[in-house]
Amino acid sequence: MDNMPIKVVILGSIPEAIFMLWAGLCLVEEDVSTKQVIGVGVLQGITSYFIRRYSPFGVHSIIHIITLINYTYFIIKVRYRVAVISVLISFVIVFLVEGTVTILMHVNVTHVFYMDWERVLLFLPHNFVLAGIVYVCKKHKYSLLEESVLLRKIVREPILEKDY
């Protein structure tokens, strides 16, 4: 369990949630309101404080995924499978970038938990990558749906009549 300082929530968790949500939705061609993305990002960032405080390490990631999916579905009002796919894609990106940075920079994760500003800095690499993804998707009209027939079927084709 982790007692996350408020500056880490404001400067780390909230921007991370905003960029994760925005990048994930851009990658599946979901055009949503920036205000909604920021609102859900702020809500997820605040939720992150409580998730980290009251759940064990490792389990917190699963709870983060579930809460962000549900916030995306209920607040932004995208179809549930779109929420699931977009959130999972963005979490994979964060895990890959964070893991790579941690390994290449020889980051001692236990040490970082006690160093607030180093902890905030650890958010920067994946936030830059996610922001870059949003930029490329918006500027060049790119999405993963163009690249993957399977993903396009999952996101676009109805399973039931009520999906539309």
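The values are calculated or read from the model by the stated rules, or taken from the named source; none is laboratory data. As the structure is a prediction and not an experimental result, all values here were calculated from the model. Cβ: placed from backbone, ideal geometry, glycine included. Neighbour counts: every protein chain shown.
Could you list all residues from the stretch 89-128 that are under 17 Å from Val28 (Cα atoms) and in contact (Cβ under 8 Å) with a residue 60 or more places away in the chain?
Ile89, Ser90, Phe91, Ile93, Val94
Results for (1) without any contact (Cβ under 8 Å) to a residue 24 or more places away in the chain; (2) within 11 Å of the chain's Cα centre (by Cα); (3) within 28 Å of Ser143 (Cα to Cα), shown as yes or no for each residue.
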{"site": "Lys7", "(1), (2), (3)": "no, no, no"}
{"site": "Phe19", "(1), (2), (3)": "no, yes, yes"}
{"site": "Cys26", "(1), (2), (3)": "no, no, yes"}
{"site": "Tyr71", "(1), (2), (3)": "no, no, yes"}
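Of all helices (runs of 4 or more DSSP H) completely enclosed by the stretch 11-86, which ones contain at least 3 residues that are surrounded by fewer than 20 Cβ atoms within 10 Å (Cβ to Cβ), on the phi < 0 side of the Ramachandran plot and modelled with pLDDT of 95 or more?
Ranges flagged: 34-54, 59-71.
Would you mind finding the one in Val120, Val155 that is part of a helix (DSSP H, G or I), over 13 Å from the mean Cα position of the chain (by Cα), at pLDDT 90 or above and of a type in the set (Val, Ile, Thr)?
Val120
Of the conditions (1) among the aliphatic types (A, V, I, L, M); (2) within 23 Å of Val136 (Cβ to Cβ); (3) free of Cβ contacts under 8 Å to residues at least 12 places away in the same chain, Val59 fails just one. Which one is it?
(2)
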